[in-house]
Amino acid sequence: SSGINAEWPLRPGSVIILAGELLKVAEPFLVENMHPTVIIAAYRQALEDAVDMMRNDVAKSVDINNREEMIKIIKSSLGTKFMKGWNDLACGIALDAVKCVNIDDKGGYKEIDIKRYAKKKKVPTATLR
């Protein structure tokens with residue numbers, strides 16, 4: 001669970017909540033003596049279908065060299081009340097940081113390995129003023 005929480009940017013305990021929901025949905029099938037491997041196969045198929053839908057229907061191509069478009073995307077996830085007044089600066093810093101740690105993959109993909117190449121450091125808010 002802690003390994004998944006480290007990889008998945010959700011709050012701690014989200015994996016436990018998600019697992020609980022998966023078990024709750026599976027319970028009626030277990031009560032009817034459906035074999036657990038059949039349930040797991042259905043979950044795997046649902047995952048494949050969800051990934052396909054995201055890739056084909058939801059995903060949108062992005063020009064990673066278009067700074068304006070990238071900043072707009074970053075703002076959509078950083079745009080919280082906490083960032084009020086610092087949003088443009090924070091988004092620019094985030095984009096520049098990611099550009100420093102991205103690696104071109106031979107398959108035409110970019111990998112962003114923040115664990116190996118970036119160090120997170122908390123800065124007290126008072127020092128930003």
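The values are calculated or read from the model by the stated rules, or taken from the named source; none is laboratory data. This structure is a prediction, so every number in the text was calculated from the model and none was measured. Keep in mind that these areas ignore ligands, DNA and RNA; they rest on the heavy atoms of the full protein, side chains included. Shrake-Rupley method; radii C 1.70, N 1.55, O 1.52, S 1.80 Å.
List the pairs from K99/K119; K72/K110; K72/K121; K60/K110; K24/K60 whose alpha-carbon separation is above 22 Å, in the order I gave them. Beyond 22 Å: K72/K121; K24/K60.
Go through Y117, Y43, Y109 and list them by solvent-accessible area, largest first, probe radius 1.4 Å.
Y109, Y117, Y43
Sorted largest first by accessible area at a 1.4 angstrom probe radius, with every protein chain in place, the residues K122, K99 fall in the order K122, K99. The slack in the chain from V51 to I17, taken as 0.36 nm per residue of separation less the alpha-carbon distance, amounts to 10.1 nm. Normalised radius of gyration (Cα atoms, divided by 2.2 N^0.38 Å) for the stretch 13-87: 1.72. Per-residue SASA remark: V62, around 60 Å² accessible (1.4 Å probe; ligands, DNA and RNA not included). Counting only heavy atoms of the protein chains and using a 1.4 Å probe, V25 has close to 80 Å² of accessible surface.
Rolling a 1.4 Å probe over the protein chains gives M34 an accessible area of about 80 Å².
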